Amino acid sequence: MKYKVDNAVIMAAGTSSRFAPLSYEKPKALIEVRGEVLIERQIRQLKEAGVPEIVVVTGYRAEDFSYLRDKFGVKIVHNPDYLTRNNNSTIRAVSGLLKNSYVCSSDNYFTENPFEDEVDGAYYAAVYSAGETKEWCMTEDGDGFIDSVTVGGKDAWYMLGHTFWDEKFTRGFLAILDRIYGEERTAGLLWESIYMEHLDELKMKIRKYRDGEIFEFDTLDELRLFDESYVGDTRSHILKDCAQRLGCKERDITEVTAFKTGDNAAAGFRFTADGSRFEYDYETKTLKGVDKK
């Protein structure tokens, strides 16, 4: 059976703190990769595939996304719970719009357009890891439906990229989400974590993609491997300032990792430059050396 795609939901509410400090200066979805803004490229691919409606769900720096309404005619929905809940709150925010829908991450880069206007059924995009991986790995039963998901694995297909929810999957997931949303334990859960708890009820297949078709950049170092222009120019005023204060080049700043305060707010980041480890504090704008561990 083919399902006519009703719309696509692009999740763009999160702070992407691991992508520090670029994501501190602008939403990760709005960075430019190989000459295109990430979310704009994805919107264009959805439109080229004939998807009739595109919904962008915002949270962090929501005003930065407002231009997309005029430029592409997308619908923008704000997720008021983006700071206190994980992305299950984004699903909740658009629960009245989800039908036969793509549910996408705003920070994915697809080298080939993966979207269609008709889809066979619910699926999660996946790529193959030859060897060990820390990603969310899936197995499938004899009919191709996902029957287990584990965090970490070996020689396995793992979740990466977009998903498609057919109307049956949507109804089932939303009913579960509605039932458990008030539980304190659910605040920190990804929607995928909720799905993992209900594999028997929520039927979804693996859609397998070749290596090099789907990319996601969790850190500046990962982005630099894909777009070498970021090696010498990070597009970050903060990193430019750090380089100037240390008397080094931006290319010398590597291994950038974020750290947070006790209330889980972004506090700053650590990085390596010329073999030494440094720490930058967002609030005080102080830069100091730290022990490399």
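Amide hydrogen proximity for A267: with H placed 1.01 Å from N in the peptide plane, the residues at 5 or more positions away or on another chain lying under 5 Å are F259, K260, T261. Packing here is the average count of other Cβ atoms within 10 Å per residue, and on that basis the peptides 8-14, 89-95, 171-177, highest first, run 8-14, 89-95, 171-177. Rounded to the nearest 500, the helix-only mean residue ellipticity at 222 nm of the chain stands at -6000 deg cm²/dmol, with each DSSP H run of n ≥ 4 adding -39,500 (n - 2.57). Histogrammed with a bin width of 10 Å, the alpha carbon distances of the range 220-287 distribute as 21, 53, 24, 2 percent, first bin at zero. To the nearest Å, what is the center-to-center distance of the range 154-194 and the range 81-113, using C-alpha atoms only? Computed from Cα coordinates, the inter-centre distance equals 11 Å.
In summary, the chain shows an alpha-carbon radius of gyration equal to 1.04 times the 2.2 N^0.38 Å reference for compact globular proteins. A simple rule links phi to the HN-Hα coupling: the Karplus curve 6.51 cos²θ - 1.76 cosθ + 1.60 with θ = phi - 60°, which for the range 91-107 gives 4, 4, 5, 10, 4, x, 9, 6, 9, 8, 10, 6, 10, 10, 8, 6, 9 Hz, with x for Gly and Pro. When the trypsin sites (Lys or Arg not before Pro) in the range 18-86 are filtered for DSSP coil states and for at most 14 other beta-carbon atoms within 10 Å of their beta-carbon, the remaining sites are R34.
Using θ = phi - 60° in the Karplus curve 6.51 cos²θ - 1.76 cosθ + 1.60, the 3J(HN,Hα) couplings for the range 133-146 round to 8, 9, 6, 7, 9, 10, 10, 10, 7, x, 9, x, 7, 5 Hz; x is entered for Gly and Pro. With 30 Å as the limit, the listed pairs K154/K203; K26/K203; K4/K154 have K26/K203; K4/K154 beyond it between alpha carbons.
Between amide H atoms placed 1.01 Å from N, distances below 5 Å from R277 occur with V290, K292, all of them 5 or more places distant or on a separate chain. Assuming charge only on the beta carbon of Lys and Arg (+1) and of Asp and Glu (-1), the dipole of the chain about its Cα centre is about 660 debye to the nearest 20. Taking 0.36 nm per residue of separation and subtracting the current Cα-Cα distance, fully stretching the chain between L287 and S193 would add 30.1 nm.
What the phi angles of the range 26-34 give under the Karplus curve with 6.51, -1.76 and 1.60, with θ = phi - 60°, is a coupling list of 7, x, 4, 4, 9, 6, 8, 10, 6 Hz, glycine and proline written as x. Summarising the amide proton neighbourhood of S106: residues at separation of 5 or more, or on other chains, whose placed amide H is nearer than 5 Å comprise M11.
Read-outs: derived from the displayed coordinates by stated rules, not from any lab. The structure displayed is predicted, hence computed values, not measured ones. Backbone-built Cβ (ideal geometry, glycine too); neighbour counts: all protein chains shown.
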